[in-house]
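First the structure, in the form of structure tokens, and then the observations on it.
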Amino acid sequence: MSITLNSSSEIPWWKEPSKEQWKAWIAAWLGWTLDAFDFTIFLLIMVPIAKEFDVPLTAVTVVFTITLWLRLVGATAAGWMADRMGRKTPLMISILWYSLCNFIAGFSPTFAFLFFFRALLGIGMGAEWPSGAALAMESAEMAAVIANGLSRRHCSSCAFPRKRRFKPDEWP
């Protein structure tokens, strides 16, 4: 049995989402992009920061670690707020929060000042991820189905590993 599709009646993939769905996806993507940019830039400037404030590199890595740990606080707060206010407001608050904290941290006169505002920045970053993901997935029903299937496949592949694993020198 063969199935023939009429390609002239198919809608291109970029026209399927509504304007509101595109706005939600773009807002979430921009938030994730800003977060990734900050994460990468901070890694690249850790040595100059240590030299500027005359502190050991390990002290700067503590700033980095605290920022990551406080993401848990931000994620929990965003989930709590999203249940009460919807997804859009926590996303906007979190992007504004970590943008302001990052801007202020850029003008740090002391290492303690930098530490404090990078810690606050972690709360805003942590809030951005769950609220952005939830908003993007709830805005596009099919995306949620796809993501759910991907996560199940990933978890099941971890739970039931293949009998034969490829070694790095055997990769195609």
- If we scan region 78-85, do we find a residue that is modelled with pLDDT of 85 or more, within 24 Å of LEU120 (Cβ to Cβ) and of a type in the set (Asp, Glu)? yes
- Query: Within region 9-47, which residues are surrounded by 15 or more Cβ atoms within 10 Å (Cβ to Cβ), in a helix (DSSP H, G or I) and not hydrophobic (A, V, I, L, M, F, W, C)?
  - Reply: GLN21, GLY31, ASP35, ASP38
- Message: Restricting to region 93-112, and then to whatever is under 24 Å from SER139 (Cα atoms) and in contact (Cβ under 8 Å) with a residue 40 or more places away in the chain, can you tell me which residue is surrounded by the fewest Cβ atoms within 10 Å (Cβ to Cβ)?
- Response: ILE95
- Matching residues in region 48-61 - criterion: being free of Cβ contacts under 8 Å to residues at least 12 places away in the same chain and in a helix (DSSP H, G or I): PRO48, ALA50, LYS51, GLU52, LEU57, THR58
- Inside region 62-92, can you point out the residues that are buried (at least 18 other Cβ atoms within 10 Å of the Cβ) and either in a helix (DSSP H, G or I) or of a type in the set (Phe, Trp, Tyr) (or both)? VAL63, THR67, LEU70, ARG71, GLY74, ALA75, ALA77, ALA78, MET81, ALA82, PRO90, LEU91
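The values are calculated or read from the model by the stated rules, or taken from the named source; none is laboratory data. Just so it is clear, the structure is predicted and the values come from calculations on it, not from any experiment. Methodologically, a virtual Cβ is constructed for each residue, glycine included, from the backbone with ideal geometry; neighbour enumeration extends over all protein chains shown.
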